[in-house]
Amino acid sequence: MTGSGAAPAGTGAVASVASAASVAPAGGTDLIDVWLIPTDQPEPVVRALYELLDPAERARADGPDRRFGRRFTVAHGAVRLLAGARLGRDPARLVWRYGPHGKPGFDGLAVNHSASGALAAVALTEGRAVGVDVEEVRDARVAVRMARRYFPAAEAGSVAADPDPAGRFTVLWCRREACVKAYGGRLVQGFGLPLDGPSPVLLADPGALGPGPCRVEDVPAPGGFRAAVATVGAGPATVRQRIWSPPD
């Protein structure tokens with residue numbers, strides 16, 4: 001995929017909004033925007049978003065897997081549009097900053113993103129560390145096997161006993177990924193965390209990941225996907241979920 005000279009997509013790319021998105025945060029409450037991004041988009045959208053990418057992003061988009069390249073372009077281009085709109089800056093000029101384990105962000109804005117299949121997710125906030133994860137629901141047999149290998153025994157048992165073991169496993173996996181990504185840690189550090197139970201889950205002590213508390217919340221996602229967002233800190237926060245769509 002090479003540059004087309006198309007004008008960059010505008011920053012007016014807002015979308016259908018979940019009901020929670022209409023709730024304005026109270027004074028002193030951090031606002032965490034979580035956007036779900038459908039990454040199979042028409043060619044003109046892909047070309048326009050490609051123009052926003054930096055050289056490293058373009059190199060990944062131009063790899064041998066064309067479908068991956070298109071989805072990568074849409075996810076990263078949309079992230080730039082959303083971050084630029086929130087910061088009031090040109091999305092094409094934003095420069096990624098990376099933590100010790102590769103956690104990304106922009107100056108003045110905590111950003112975390114994830115992609116699985118034809119769906120990506122991004123979380124943005126100024127107020128605190130944040131992590132987000134989205135996953136396609138796995139095969140039930142694979143889910144039970146992976147739960148036994150990676151989850152605490154009680155959680156592995158709850159996955160195996162659930163009427164929808166694949167869905168339950170994927171929920172718990174997303175929670176782990178989101179929590180680990182909020183701290184900029186490694187996934188292995190999250191395998192032993194107790195994350196079962198109703199959403200949201202509050203971890204008073206996330207162990208080796210860092211100081212708590214950490215709040216982990218499921219995010220509504222289209223059928224076949226599960227998603228979660230995690231935020232670090234004890235102060236109040238409002239999660240606002242939206243579905244991204246390209247500008248007209």
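Checking each residue in region 115-133 for being open to solvent by less than 20 Å² (accessible area, probe 1.4 Å) and out of contact with any helix residue (DSSP H, G or I) (no Cβ under 7 Å at 6 or more places or on another chain) picks out 116, 119, 121, 123, 125. Applying a threshold of 8 Å to beta carbon distances and a minimum spacing of six or more residues, or different chains, the list of pairs starting in region 118-137 at a residue that is in contact (Cβ under 8 Å) with a residue 60 or more places away in the chain and more than 26 Å from residue 41 (Cα to Cα) and ending at one that is part of a loop (DSSP other than H, G, I, E, B) and open to solvent by 10 Å² or more (accessible area, probe 1.4 Å) reads 126/108; 127/233; 127/235; 128/233; 128/235; 129/184; 129/233. The set of residues in region 54-84 that are over 14 Å from residue 94 (Cα atoms), touching a residue at least 24 places away in the same chain (Cβ under 8 Å), out of contact with any Ser or Thr (no Cβ under 9 Å at 6 or more places or on another chain) and surrounded by 14 or more Cβ atoms within 10 Å (Cβ to Cβ) contains only 69. Of all residues in region 186-213, those satisfying the criterion of being in contact with a Gly (Cβ under 6 Å, 6 or more places away or on another chain) and either open to solvent by 50 Å² or more (accessible area, probe 1.4 Å) or of a type in the set (Gly, Ala, Ser) (or both) are 204, 205.
Scan region 134-144 for residues that are assigned to a strand (DSSP E or B) and open to solvent by 20 Å² or more (accessible area, probe 1.4 Å) and the total you get is 2.
Restricting to region 216-231, name every residue that is surrounded by fewer than 22 Cβ atoms within 10 Å (Cβ to Cβ) and not in a loop (DSSP other than H, G, I, E, B).
Selection gives 217, 218, 225.
Scanning region 145-158 for residues that are within 18 Å of residue 185 (Cα to Cα) and either among the polar types (S, T, N, Q) or open to solvent by 30 Å² or more (accessible area, probe 1.4 Å) (or both) turns up just one, 150. Restricting attention to region 86-106, the residues that are free of Cβ contacts under 8 Å to residues at least 60 places away in the same chain and open to solvent by 80 Å² or more (accessible area, probe 1.4 Å) add up to 4.
Note on region 159-185: residues that are surrounded by fewer than 21 Cβ atoms within 10 Å (Cβ to Cβ) and in contact with a Pro (Cβ under 9 Å, 6 or more places away or on another chain) total 1. Is there a residue in region 6-23 that is open to solvent by less than 40 Å² (accessible area, probe 1.4 Å), at pLDDT 95 or above and either among the polar types (S, T, N, Q) or over 17 Å from the mean Cα position of the chain (by Cα) (or both)? No; the residues of region 6-23 include none that is open to solvent by less than 40 Å² (accessible area, probe 1.4 Å), at pLDDT 95 or above and either among the polar types (S, T, N, Q) or over 17 Å from the mean Cα position of the chain (by Cα) (or both).
Residue-by-condition table, conditions (1) over 26 Å from residue 80 (Cα atoms); (2) under 19 Å from the mean Cα position of the chain (by Cα); (3) among the basic types (Lys, Arg):
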residue	(1), (2), (3)
110	no, yes, no
115	no, yes, no
127	no, yes, no
132	no, yes, no
153	yes, no, no
167	yes, yes, no
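The values are calculated or read from the model by the stated rules, or taken from the named source; none is laboratory data. Fair warning: this is a prediction, and the values are worked out from it, not measured in the lab. Positions of Cβ are backbone-derived with ideal geometry, glycine not excepted, and every protein chain shown enters the neighbour counts. Only protein heavy atoms, including side chains, enter the accessible area calculation; ligands, DNA and RNA are left aside. Shrake-Rupley method; radii C 1.70, N 1.55, O 1.52, S 1.80 Å.
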